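Below: one structure, written as structure tokens.
Readers should treat all values here as calculations from the given coordinates under stated rules, not as data from a laboratory. Note that the structure is a prediction, hence the values are computed from the model and not measured. Cβ: placed from backbone, ideal geometry, glycine included. Neighbour counts: every protein chain shown.
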Amino acid sequence: MTHTLRAVQTLSDALDRMHSGMKGEMDMNASDLATLRMLTIREHRGQMVSPHDVATHLRISTASTTKLIDRLVASGHLERLPHPSDGRARVVVLTDKSRREFFQHFGVHLGAMRDVAERFDDGELDTIVAFMDSLTESITTED
């Protein structure tokens, strides 16, 4: 089991280095990139994201969240839109520019990850997914 946890630490370190490289390539700070990653994941799940969701996810104040979203709107990476069912609320969404840039920088890494995944059969991948989902759940805290 120790070798498994070391492998998880090594993967985490590699992901940190990948994200650091993307920050530089995209001229963003860590919170900007984390916001784009969060929105990409939630978009794939069909979930809307409010500014409050961003603040909670990043564990930053609402004032800091407003500045972050303002910066990403000004750079053309996000849009603020009215919430579809609550006219008083707003949601933040990725722009096409943001999707293009994010996947342009992430695409090489994604291709490499797909190449590795193709080495495993569906049953093995199901086990890996279950393990990773369980790890994610075990370290995710709700405040």
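Report, by chain and number, residues whose modeled amide H sits under 5 Å from the one on residue 78, excluding near sequence neighbours (fewer than 5 apart, same chain).
The answer is 73, 95.
Enumerate the calculated ³J(HN,Hα) couplings along the stretch 54-59 in order (Karplus 6.51 cos²θ - 1.76 cosθ + 1.60, θ = phi - 60°), each rounded to whole Hz, writing x wherever the residue is Gly or Pro.
4, 4, 5, 4, 8, 6
Between residue 90 and residues 5 or more places away or on another chain, which pairs have amide H atoms under 5 Å apart, with H built 1.01 Å from N, and which residues are they?
83
May I ask you to evaluate 6.51 cos²θ - 1.76 cosθ + 1.60, the Karplus curve with θ = phi - 60°, for each residue of the stretch 73-90 and list the ³J(HN,Hα) values in order in whole Hz, giving x for glycine and proline?
Karplus values, whole Hz, x for Gly and Pro: 5, 4, 7, x, 8, 10, 10, 9, 10, x, 5, x, 10, 10, x, 7, 8, 10.
Given a Förster radius of 35 Å and the C-beta distance between residue 43 and residue 13 as r, what FRET efficiency does 1/(1 + (r/R0)^6) yield to the nearest 0.05?
Computed FRET efficiency for residue 43 and residue 13 comes out at 0.85.
When only Cα pairs under 8 Å and 6 or more residues apart are kept, what is the percent relative contact order across the stretch 2-139? Present the calculation step by step, with values, prior to reporting the outcome.
Numbers: 86 pairs, mean separation 25.6, N = 138.
Answer for the stretch 2-139 is 19 percent.
Using each residue's phi in the stretch 4-15, evaluate 6.51 cos²θ - 1.76 cosθ + 1.60 at θ = phi - 60° and report the 3J(HN,Hα) Karplus result to the nearest Hz, with x for Gly and Pro.
Here the 3J(HN,Hα) series is 5, 5, 5, 5, 5, 4, 5, 4, 4, 5, 5, 5 Hz.
Counting pairs of alpha carbon atoms under 8 Å apart in space and at least six apart in sequence, what relative contact order in percent does the stretch 69-142 give? Working shown, then result.
Numbers: 37 pairs, mean separation 12.8, N = 74.
Averaging sequence separation for qualifying contacts and normalising by length gives 17 percent for the stretch 69-142.
Set the Förster radius R0 to 22 Å, insert the Cβ-Cβ distance between residue 61 and residue 139 as r into 1/(1 + (r/R0)^6), and round the FRET efficiency to 0.05.
0.45
Which of (i) 44, 32, 29; (ii) 56, 38, 22; (iii) 48, 32, 25 is the computed Cα extents along the principal axes in Å for the structure on display?
Structure-derived value, by its label: (iii).
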